[in-house]
Amino acid sequence: MHGDASDAILKGCTNCGGKLFFFVKKEHIERAQQRTFDLTKKDKEQIEKDVYDIIGSEIDTDLPVVLDIESINILKPGKYELDLVNLFKRKHPLIYKLDEGKYVVDLIESFKKLSNKKD
Amino acid sequence: MIKAFKGFFRRFFNKLFKKKKQVKLGLYGPPNGGKTTLANKICVDWLGEEMGAVSNIAHETREIQVKEQILIKSGNKQIGFNLVDTPGIATKIDYEDFVKAGMKEKEAKTRAKEATKGVIDAIKWLDDMDTVIVVLDSTKDPYSQVNITIIGNLEARKIPVLVVANKIDMKKSDLKKVQAAFPQYKVIGISAKYGKNIEAFYEALFDLLG
């Protein structure tokens, strides 16, 4: 778990080097911590691979990516929960450039912004 | 909101000036409702060939499939469209359901991942549709979150809709319940597998597209 504006988001996780992050709201931190403890290292690697397979065509896997799990929740490899109401609101994930060669994808916020722009 | 109006005006002007653009007719609905079975029926009836594979295990269609330039006729009238078959939309996809249906774990996990991507793709394509047929299984409860969300979003985008209550050949089928759930739409009961009431479906399609 990394806090807001953590360096890890730009440089990759200091423990494992992972570059895929899931955005968790403050009120859900406890639940998310519990869930990550339940996952094995192999599970985490598989989930990361699956996420890139699902959304990866638009994203460079070498760059840090932050995903909002409110639309697609991956409980374990092969177990998915989809929030259709959120998914229907959006079209494509928007990629934010943080620094030279560093990007963040924030699904919920980007889609809110996209839709505000159009309205 | 502007997008919904744009779509509405695009469809209105296309109709007004009879623009020769091919209409995109999408098949949407929950998994295993019979979208691909209906797509196959339409394609066999009017093109003489099938569109895609069907299966009893949910999420058989995991990629968007398009069959172009289908022309259907009724008396002197004819209408053309591109048929778009979409993956089933679900709120929960669990590989263990596929394992229970006889799949190996690895294959089931891949299917779950592809099905999830399929849901996202189906939703992305919705804004490109001119008309949508929502295919529901008439043996199941029509008041599901998936059905309500799909139909609510079509309504918000002002996309014309025809609801098909499929599998009326089955004992548990309850057409009236589906009709009661969506009173604002025309609901046609069919059996895509056996072609039951398919003529009424084509008539309704003519009314919708014509």
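About the centre of its Cα atoms, region B:154-210 shows a dipole size close to 300 debye [charges on the beta carbon of Lys, Arg (+1) and Asp, Glu (-1) only; nearest 20 debye]. Separation of the alpha carbons by more than 22 angstrom is noted, of B:K109/B:K172; B:K113/B:K158; B:K67/B:K113; A:K41/B:K92; B:K35/B:K177; B:K35/B:K124, for B:K109/B:K172; B:K113/B:K158; B:K67/B:K113; A:K41/B:K92. In plain terms, the residue of B:Y95, B:Y202 with the fewest other Cβ atoms within 10 Å comes first and the most crowded comes last, giving B:Y202, B:Y95.
Placing R0 at 45 angstrom, the Cβ-Cβ distance between A:K41 and B:M170 gives a FRET efficiency of 0.45 after rounding to 0.05. Placing a label point 7 Å from the Cα of A:N86 along the Cα-to-Cβ direction, the residues of region B:64-89 with a backbone N closer than 20 Å are B:89.
The fraction of Cα-Cα pairs per 5 angstrom bin, counted from 0 for region B:57-164, comes to 2, 10, 18, 20, 19, 14, 9, 5, 2, 1, 0 percent, rounded to whole percents. Shielding value for B:89-97 is 5, the average number of Cβ atoms from other chains within 10 Å of each residue's Cβ.
Over all directions, the projected convex hull of the C-alpha atoms in region B:143-203 averages 4.5 nm² in area. Annotation note: trypsin sites (Lys or Arg not before Pro) in region B:80-163 located in DSSP loop regions with a Cβ neighbour count of at most 10 within 10 Å are B:K104. Both radii are taken from the alpha-carbon atoms of chain B; with Rh as the Kirkwood radius, Rg/Rh is 0.96.
A short reminder: the numbers here are calculations on the coordinates, not readings from a lab. Remember, predicted model here, so these are calculated numbers, not experimental data. All Cβ positions, even for glycine, are placed from backbone atoms using ideal geometry, and neighbour counts span all protein chains on display.
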